[in-house]
Amino acid sequence: MKKMALLVAALMLLAASAEAKFVVIGQGDATKFDVTSYPQKMQDAYKLMAVKCVKCHSLERAAIAIQTGIAPITGGIFDRGATRAYGIKMLRKPDSDMTKADVKVVVELLNYMLDEAAR
Amino acid sequence: MRFRSFLVTLCVSLLLTGLLANSALAIPAFSRLYKTECSTCHVIFPERNEFGDAFEKNSFVWPGKLPAQSQVKPDMTPEQKKQAEAMYLSGLPEVLPVALMGQIESVYNSDSDPKLDLVAETELEMFAAGNFRQLAGFWGEYKLSSSSIGDVSVQFRHVANTPLNIKVGKFKPKLSLWKSNDRSSLKGFGHNSMVIGSNPFRISRRQGAVEINSVVTPRLFLAAGVADGTDGGNDDAQDTKEYYGHLSFRIGGIDFLGKEPEVDLDKDSIWDFLALTFGGFGYSGSDAAGNNDFYRAGLESEILYKRFKMRLSGTFGHDDDTDGLGNEAEARFYLAQAQYLVGSNLIPAFRFEYQDVDTDGITRRYIPSVTYAVLQNLRLALEYVHTEAPSATEKEAAFNIAFSF
């Protein structure tokens, strides 16, 4: 009985960890991510991303890139290497209002989202 | 007094328009094709940014390794898949790569009659550009307002799997770092239109030419070509061919392949935002009869730091027989322009030009300007040109509205 309970608990844990955490809500300019299941650090990072990124473009671009692994504008691969390159591109873009600290936070979140989307 | 009122009115209009406008996306040919903003390649159109420069050098193919394949998508109907495949096999771009640009210009000149011309010039230009399955880039211009053909060229990319591109057509030979319209201000760079004596050659003159160019290394670009010459100022080719070369290199900033620089996110460096671009060119030509051998040479540099950009240029020329009487002539031209991007859509700029041509004397130009993008595809520009020439001093103000769609 004890073994059975442990097995059920292990299966529940597995099911919970296998739950897709990358959830996109809405589309176009109204695109958002459901980050309620993310660690607090990533939820805080999302607050920054939601403000900084939408200054120039909707979050739909990020959603498509993360879901498909392909950057929607360039058609290039969107992986961990690309997130850093995009972060640097945004850092250097005039009027992006992003600091190096902001870029580090958002890049870390994008990488986390890539991992979640790949699960 | 009227001149002052005119300037005040224009400034207030510009300011009000700026205050009332919202940001939005623009949709010219490349924007439609790549579904991206004008600001991806332009500071304020038509002035290009570093990425726009890389895009052009890459024959209008998006920089980076992209697959050249049909846009067949899983969710397409069989009919749509067939159409997408057929477009690819034919080499046709999926979106018709055509755009239009219109301009309306008002001019005030106290020595002209009338002094104020509310619509001194209107222009409507159609242009088509893009690439055919990444094998060749193309560019075409047609001025609807004057029914004249502008640049038309095809550039074969990476011929025989080498880094060499071959460009053929009628175009402005690659000499200066900057294309003739690569500026936020209205008045063209003086070195582009400078002539010596009766020689009609200008470095921005459109000619029939064959050019080989290449991004040899990510930060080194070379171009060399042979041109038809200008045959007394006509568009006809001449037997005596002319030759030119260009070299440019960049330190810092985005490289010529469109790759962002390495940036250490934990440590600040001046190179995070600083880009230095240097260029040099030479052009050797002769008139149709072979009597006047001439050359032009130039050294240029561009300093870009965050929102500040400065351009410095020196152009030198020599003609053996500029007037058909055996008289030699020389010319020297210097340019300095500084500009600053405020927000993402306002550029105040100031340019100084010094031109010393043996046949004409010394001319100085002082050109302040303000350019404002109401939208990324709708631009307003106000410019004042103060010209001190040997013959007269001229003061002219212009207000220009340009739009592209």
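Among residues of the stretch A:92-114 that are on the phi > 0 side of the Ramachandran plot, those with a Cβ under 7 angstrom from a residue that is in a helix (DSSP H, G or I), sequence gap 6+ or separate chain, pair up as A:Asp97/A:Lys52; A:Asp97/A:Lys55.
Quick grid of which residues meet (1) touching a helix residue (DSSP H, G or I) at 6+ places or on another chain (Cβ under 7 Å); (2) open to solvent by less than 30 Å² (accessible area, probe 1.4 Å); (3) part of a strand (DSSP E or B):
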{"site": "B:Pro46", "(1), (2), (3)": "no, yes, no"}
{"site": "B:Gly52", "(1), (2), (3)": "no, yes, no"}
{"site": "B:Ala86", "(1), (2), (3)": "no, no, no"}
{"site": "B:Ala99", "(1), (2), (3)": "yes, yes, yes"}
{"site": "B:Val107", "(1), (2), (3)": "no, yes, yes"}
{"site": "B:Asp117", "(1), (2), (3)": "no, no, yes"}
{"site": "B:Glu121", "(1), (2), (3)": "no, no, yes"}
{"site": "B:Glu125", "(1), (2), (3)": "no, yes, yes"}
{"site": "B:Phe138", "(1), (2), (3)": "no, yes, yes"}
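Residues of the stretch B:274-305 that are touching a Pro at 6+ places or on another chain (Cβ under 9 Å) and closer than 21 Å to A:Leu91 by Cβ: B:Ala275 alone.
When you look at B:Ser112, is it out of contact with any helix residue (DSSP H, G or I) (no Cβ under 6 Å at 6 or more places or on another chain), under 30 Å from B:Lys170 (Cβ atoms) and among the small types (Gly, Ala, Ser), yes or no?
Values: out of contact with any helix residue (DSSP H, G or I) (no Cβ under 6 Å at 6 or more places or on another chain): yes; under 30 Å from B:Lys170 (Cβ atoms): no; among the small types (Gly, Ala, Ser): yes.
For B:Ser112, the condition - out of contact with any helix residue (DSSP H, G or I) (no Cβ under 6 Å at 6 or more places or on another chain), under 30 Å from B:Lys170 (Cβ atoms) and among the small types (Gly, Ala, Ser) - is not met.
Number of residues in the stretch B:140-150 that are open to solvent by 50 Å² or more (accessible area, probe 1.4 Å) and assigned to a strand (DSSP E or B): the value is 3. Report yes if some residue within the stretch B:318-337 is within 19 Å of the chain's Cα centre (by Cα), closer than 25 Å to B:Lys241 by Cβ and of a type outside the set (Phe, Trp, Tyr); otherwise report no. Taking every residue of the stretch B:318-337 in turn, none turns out to be within 19 Å of the chain's Cα centre (by Cα), closer than 25 Å to B:Lys241 by Cβ and of a type outside the set (Phe, Trp, Tyr). Would you check if B:Lys170 is closer than 30 Å to B:Leu346 by Cβ, basic (Lys, Arg) and open to solvent by 50 Å² or more (accessible area, probe 1.4 Å)? No, not satisfied.
Listed by position, the helices (runs of 4 or more DSSP H) inside the stretch A:14-119 whose residues that are more than 14 Å from chain B (Cβ to nearest Cβ), in contact with a Phe, Trp or Tyr (Cβ under 7 Å, 6 or more places away or on another chain) and open to solvent by 20 Å² or more (accessible area, probe 1.4 Å) number at least 3 form an empty set. Only one of the numbered conditions (1) open to solvent by less than 60 Å² (accessible area, probe 1.4 Å); (2) in contact with an Asp or Glu (Cβ under 9 Å, 6 or more places away or on another chain) is not met by B:Asp111, and that is (1).
The values are calculated or read from the model by the stated rules, or taken from the named source; none is laboratory data. Bear in mind that the values here come from a model prediction, so they are computed numbers and not experimental data. Cβ: placed from backbone, ideal geometry, glycine included. Neighbour counts: every protein chain shown. To get the accessible areas, we keep the full protein, side chains included, count just its heavy atoms, and leave off ligands, DNA and RNA. Shrake-Rupley method; radii C 1.70, N 1.55, O 1.52, S 1.80 Å.
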